[in-house]
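Report on one structure; see the data block that follows.
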Amino acid sequence: MSTGVIIVLIVIVAAVLVVAAVLALRARGPQHGGSLKRRFGPEYDRAVVRHDGDTKAAERELSERVRRHGSLHTRPLEPAERERFEARWTAAQERFVDSPREAVGEADRLLAELAGARGYPDGAQYEEQLAALSVHHAHHVDGYRRVHRVTHAQAQSHAAGAAGAGNGGAETAAASDTEELREALVAARALFEQLVRPGRHDDGRPGPGAGIAPAAASAPASAPGSTPASTPASEPAARAPHGWSLGKRRPKES
């Protein structure tokens, strides 16, 4: 066998090996194992738990989410749209003082509408919308899941708990319910910030105002022009209207 033939055979074998490697990588998908865990963070762990610890099944589910929604192109909000969404969020937070359940229900509807306005699947397709959001906002999407779950289950659980308890038990249940509602709304605010602000991308860090510990629902309103006691000295005086803590009404303009 001549040297030229041997060289040709070597080139052919090398080409076959390269093609086989490329096909194997494509078969595995663009996101697998460690890369899926990095991309989805807490959503990866939830998927594993949902599949009873079967990481392969969880990774297949997450890879399918990336396949369906990874190339989704969102659109920015118009300034007027953004202002309307921010005003509604502020109103929902202020409403929490008197009507916690209604405030959380409004937050659920608001996130569904906001995501739809940004180009995600329509809110009527909740599971599909949630899946798409998890691909692009994996570190904050659970807040939406929590307000949606609370909106649909809290009334029944509250009624059942109150019916089986005395007056003292009912008061304890009501306090527990209010705390659950507050925590759900605070968690949802991080996703709201991610979706409403132009040019922001999910990087695993909370949005502005998301880490502020809100006051209890029974806390008194701040006096006009005063600074809340929980506000750090280094915090800027100006703040987005939807960043006000729950349980406090926004001071009026002087």
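This table checks each residue for (1) among the charged types (D, E, K, R); (2) open to solvent by 40 Å² or more (accessible area, probe 1.4 Å); (3) farther than 30 Å from Arg38 by Cα; (4) at pLDDT below 95.
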residue	(1), (2), (3), (4)
Leu110	no, no, no, no
Ala117	no, no, no, no
Ser134	no, no, no, no
Ala155	no, yes, yes, yes
His158	no, yes, yes, yes
Gly161	no, no, yes, yes
Asp177	yes, no, yes, yes
Gln194	no, no, no, yes
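Give the residues of the range 136-146 that are closer than 21 Å to Leu181 by Cβ, open to solvent by 10 Å² or more (accessible area, probe 1.4 Å) and either within 8 Å of the chain's Cα centre (by Cα) or of a type in the set (Phe, Trp, Tyr) (or both), sorted by residue number. Steps first, answer last, please.
Going residue by residue through the range 136-146, those that are closer than 21 Å to Leu181 by Cβ are 140-146.
Now drop any that are not open to solvent by 10 Å² or more (accessible area, probe 1.4 Å), which leaves 140, 142, 145-146.
Once the filter is applied, which keeps residues that are closer than 21 Å to Leu181 by Cβ, open to solvent by 10 Å² or more (accessible area, probe 1.4 Å) and either within 8 Å of the chain's Cα centre (by Cα) or of a type in the set (Phe, Trp, Tyr) (or both), the range 136-146 yields His140, Asp142, Arg145.
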Identify, please: which residue in the range 88-108 is surrounded by fewer than 21 Cβ atoms within 10 Å (Cβ to Cβ) and of a type in the set (A, V, I, L, M) and is, among those, farthest from the chain's Cα centre (by Cα)?
Val97
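Please find, within the range 43-65, the residue that is least open to solvent (accessible area, probe 1.4 Å) out of those that are within 17 Å of His136 (Cα to Cα) and out of contact with any helix residue (DSSP H, G or I) (no Cβ under 6 Å at 6 or more places or on another chain). Before the answer, list the steps.
Of all residues in the range 43-65, those within 17 Å of His136 (Cα to Cα) come to 43-47, 59, 61-65.
If we keep only those that are out of contact with any helix residue (DSSP H, G or I) (no Cβ under 6 Å at 6 or more places or on another chain) as well, we get 45-46, 63-64.
Working: Asp45: 81, Arg46: 78, Ser63: 30, Glu64: 63 Å².
Applying the filter and picking the extreme gives Ser63.
The values are calculated or read from the model by the stated rules, or taken from the named source; none is laboratory data. Small disclaimer: the values here were computed from a predicted structure and weren't measured. Methodologically, a virtual Cβ is constructed for each residue, glycine included, from the backbone with ideal geometry; neighbour enumeration extends over all protein chains shown. Protein only, heavy atoms only, side chains kept; ligands, DNA and RNA dropped before computing areas. Shrake-Rupley method; radii C 1.70, N 1.55, O 1.52, S 1.80 Å.
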